[in-house]
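To keep things clear, I will list the structure first and then write my remarks on it.
We did not get these values from a lab; they are worked out from the coordinates using the rules stated. What you are looking at is a predicted structure, and each value in this text was computed from that prediction instead of being measured. So basically every Cβ, Gly included, is an ideal-geometry build from the backbone, and we count neighbours across all protein chains shown.
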Amino acid sequence: ASVMLLLLLGSALVLFASSGVSGPSCKALQPWTAYSSVSFNSHCPGFPGPKHARFDVPVDCFSRTVIEELAHAIANEIFHCDRWCIYSISSDLAWIWSATERCWIETKVCHEIPEELREAKEQMEHLCKAPPKQPQNCIPLKYQRELTIPSIKSKCPMYHSEAVPTFHLAESCETGRFHGELAQALVNGAFSTCNNWCVFSLKTPEKLAWVWVADRHCWSTNNDCVKLDAERNFSVQLRKNLCQAPCVQPNAVSALTPELLRRKCLVYPAQEWPEFHHARLCDTNPPQEDLELKFALANFAFQECKNWCVYSLERPADAAWQWVPASKCWVWSPGCLALNDEVLFAEKVAESLCLDVTQKRLEAVRKPRATATPADTGLYGDEQTQAEALWMYKWFTFIVFATIGFVGI
């Protein structure tokens with residue numbers, strides 16, 4: 001009888017285990033922009049009160065802009081109502097609330113409060129942090145800003161500054177400037193041997209490659225390289241073997257609104273800041289330039305809200321626009337490319353975005369205006385209407401002045 005009872009209990013346990021019951025599920029990791037959607041009253045009754053830190057105001061005391069890493073912790077509810085410290089999810093940073101300045105200060109003091117630090121770590125343990133699925137023994141991905149002679153020597157030990165081809169320079173023959181996608185290919189060794197003159201894109205190695213042009217000392221796009229099966233296949237396999245970094249879903253151009261911008265610039269709009277929700281260009285540019293700018297603005301490709309430069313997310317080291325307050329529009333600006341810190345920030349933004357979605361967004365905004373739809377681009381036809389109205393206004397003005405001049409004669 002006891003044997004039968006044990007068998008029945010065993011069968012019951014097997015059925016229970018196979019019925020779909022599992023251990024405690026983790027909490028989905030939220031993006032930093034979700035901090036504005038947190039219901040603070042449900043956590044802290046009476047919020048905001050005199051004893052509460054303002055968790056809904058993740059603003060840095062020095063720059064007076066939203067700290068994304070701090071906002072990320074708040075968005076994932078890594079805080080306690082009666083605590084004034086917040087700890088980063090992804091690093092050792094911490095911030096403390098300044099009641100007098102009504103903002104947050106980065107500090108190491110919070111790490112000296114064991115109880116608060118322990119509570120924060122316990123909260124973080126419940127977050128889903130599953131890393132992206134990686135190839136077995138994947139190769140760490142290097143970023144374009146890491147392109148140096150030492151980085152090339154890690155693949156080509158005999159490499160030096162006068163070597164041909166010159167792998168540590170990512171200058172495009174077509175533009176005469178640094179090329180971000182080429183730089184990423186070079187720094188990750190997207191060439192089969194150190195004597196090869198062809199380098200392949202890590203985004204689309206089957207379609208895009210560059211060849212070294214010795215007399216011009218630059219790289220030129222070249223379709224013949226793509227036909228070299230062994231070299232192309234090497235780069236295709238390299239792309240598969242690279243560790244994929246976690247990525248952020250990019251915003252569509254249609255998302256560009258003052259409400260979206262307040263996620264980064266809490267008090268937006270402000271008198272001395274650019275009007276980031278306007279993607280108007282000061283001069284006559286192809287339509288895709290307008291939309292490329294709009295995509296950059298919608299994804300915060302500017303370092304601080306007081307900065308007047310915004311950078312292309314397709315080519316941050318090659319393309320930038322500067323705000324012109326008198327005309328309330330943006331102008332193409334090579335001068336912005338000399339601001340190294342801002343360029344590096346934009347490169348980090350570009351590298352953090354999910355590549356496949358970003359490419360789709362950029363392809364959509366590059367469509368000719370006549371065939372693009374609001375679903376593709378987020379446009380509602382207002383830019384085209386304005387352009388047509390401006391054209392008619394110019395012609396009307398010309399005719400009026402010509403008539404006045406004729407009558408005067």
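Worth a mention:
- Electrostatic tally near S154: other residues with Cβ closer than 14 Å to its Cβ, Lys and Arg +1, Asp and Glu -1, net +2.
- By average C-beta atoms within 10 angstrom, highest first, the peptides 180-186, 115-121, 329-335: 180-186, 329-335, 115-121
- Fully extending the segment from A214 to C243, taken as 0.36 nm per residue of separation minus the present Cα-Cα distance, adds 7.2 nm.
- Look at the dipole of segment 304-355 built from charges on Cβ: of Q322, C336, V349, the Cα furthest out on the positive end belongs to Q322.
- A simple charge model with +1 on the Cβ of Lys and Arg, -1 on the Cβ of Asp and Glu and nothing else charged puts the dipole of segment 171-222 at about 60 debye relative to its Cα centre.
- Here's the picture: charge each Lys and Arg Cβ at +1 and each Asp and Glu Cβ at -1 in segment 33-103, and of T33, I67, H43 the one pushed furthest to the positive end of that dipole is H43.
- The Rg/Rh ratio for segment 186-324, using Cα coordinates for both the radius of gyration and the Kirkwood hydrodynamic radius, is 1.09.
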